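Q: Shown below is the structure under consideration.
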Amino acid sequence: MQDVAAPHTRRSHNLLVKYILWHMTLVQRIYGMIILKFNPSLFCFFFNLAAVLRNIDVRFSYDKNLKRYTAASSQQKLYFYHRKQAEMAYRDGFSARANSLGHAYFLPEISFKAGDLVVDCGANMGDLKLYFSENAIPVEYLGFEPSPLEFECLKQNVSPSVVLNKGLWNADSFLTFYVSSQGADSSFIKPPSFDEECKIPTTRLDSIVQKKIKLLKLEAEGAEPEVLVGCENIFKNIEYISADLGFERGVEQKSTLAPVVNYLLAKNFELLGVRHDRIAALFRNKNYERL
């Protein structure tokens, strides 16, 4: 006998969940800046309750001694310091985050295989590696993250992969780094606002890596042209470049789309696609020598 009450029960349950989530969101908006900002445990409670109701396999916890959060699922554990950034990233689960980044950087359009080298410029907390973990592709991952706090999380989140607390640039040097961790938009080029300044070592990519690079993921918060100049001596070894070229350069917040496209076209790369939702572009090296 068919259970005619089941559809009605499911609808009622879904409406109840939506009702509760709506009120939770309202509470967080009203009190978030006052209470949740200064009470990490309460923030984790609200996040986890919403995750349970939405059937999301991610739970937040907070370490008072380290002043650091943990996002954990049945398969994965990641560390982070800034709740607002991570809440936006992980609220729908790790798989959703991996798929979102994969889409943003055109990763499904590249045929990766085991052992391919992926260089992550502006690695932040290492979320790009989630895409390869979720899709069971054991790439070789090399991450660069100049921001000290984010780097501490990065080296644990992508372990045992190699990561360097340096910024990619057009010279081996030390530069002033403008830290703005809450929005993940720290930069070597002075932005309109920032939290603090610090001196960070920079390096040319071509002074560190000489082997074949399947993908260079480039997100330098407006410093993409400088990073590319630092790759000139190994362009022949880079097959794909996927770059975030949004409005992030300097005080005037200019896009680097035009200069980067023009520069890479002159270096015999071809433009394969542009996403306008976050202004990202994918390039392929026409002169890449496959082994």
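Q: Report, by residue number, each residue of segment 99-150 that is charged (D, E, K, R), touching a residue at least 60 places away in the same chain (Cβ under 8 Å) and open to solvent by 20 Å² or more (accessible area, probe 1.4 Å). Full working, then the answer.
A: Taking segment 99-150 and keeping what is charged (D, E, K, R), we get 109, 113, 116, 120, 127, 129, 134, 140, 145, 150.
Filter again for touching a residue at least 60 places away in the same chain (Cβ under 8 Å), leaving 109, 116, 120, 150.
109 - this is the single residue of segment 99-150 that is charged (D, E, K, R), touching a residue at least 60 places away in the same chain (Cβ under 8 Å) and open to solvent by 20 Å² or more (accessible area, probe 1.4 Å).
Q: Looking at (1) modelled with pLDDT under 95; (2) within 20 Å of residue 288 (Cβ to Cβ); (3) outside any loop (DSSP other than H, G, I, E, B), which is the one condition that is false for residue 215?
A: Unmet for residue 215, out of (1) modelled with pLDDT under 95; (2) within 20 Å of residue 288 (Cβ to Cβ); (3) outside any loop (DSSP other than H, G, I, E, B): (1).
Q: A further question on this structure: If only one of 274, 251, 260 is under 22 Å from residue 187 (Cα atoms), β-branched (Val, Ile, Thr) and surrounded by fewer than 18 Cβ atoms within 10 Å (Cβ to Cβ), which one is it?
A: Details: 274 fails: under 22 Å from residue 187 (Cα atoms); 260 fails: surrounded by fewer than 18 Cβ atoms within 10 Å (Cβ to Cβ).
Answer to the selection: 251.
Q: Looking only at segment 235-248, which residues are aromatic (Phe, Trp, Tyr) and either in contact with a Leu (Cβ under 7 Å, 6 or more places away or on another chain) or open to solvent by 50 Å² or more (accessible area, probe 1.4 Å) (or both)? Walk me through how you get there before you give the answer.
A: Pass one, segment 235-248, residues aromatic (Phe, Trp, Tyr): 235, 240, 247.
Listed by number, the residues that qualify are 240, 247.
Q: I'd like to check something: does segment 218-231 contain any residue that is within 21 Å of residue 119 (Cα to Cα), among the hydrophobic types (A, V, I, L, M, F, W, C), open to solvent by 50 Å² or more (accessible area, probe 1.4 Å) and in a loop (DSSP other than H, G, I, E, B)?
A: No, every residue in segment 218-231 fails to be within 21 Å of residue 119 (Cα to Cα), among the hydrophobic types (A, V, I, L, M, F, W, C), open to solvent by 50 Å² or more (accessible area, probe 1.4 Å) and in a loop (DSSP other than H, G, I, E, B).
Q: What do you reckon, is residue 96 at pLDDT 95 or above and open to solvent by 10 Å² or more (accessible area, probe 1.4 Å)? Walk me through how you get there before you give the answer.
A: Numbers: at pLDDT 95 or above: yes; open to solvent by 10 Å² or more (accessible area, probe 1.4 Å): yes.
The answer is yes for residue 96.
The values are calculated or read from the model by the stated rules, or taken from the named source; none is laboratory data. Everything numeric in this text was worked out from a predicted model, so none of it was measured. When we count neighbours, we look across all protein chains shown, and the Cβ atoms used for this are built from the backbone with ideal geometry, even at glycine. We work out accessible area using only protein heavy atoms, side chains counted, and drop any ligands, DNA or RNA first. Shrake-Rupley method; radii C 1.70, N 1.55, O 1.52, S 1.80 Å.
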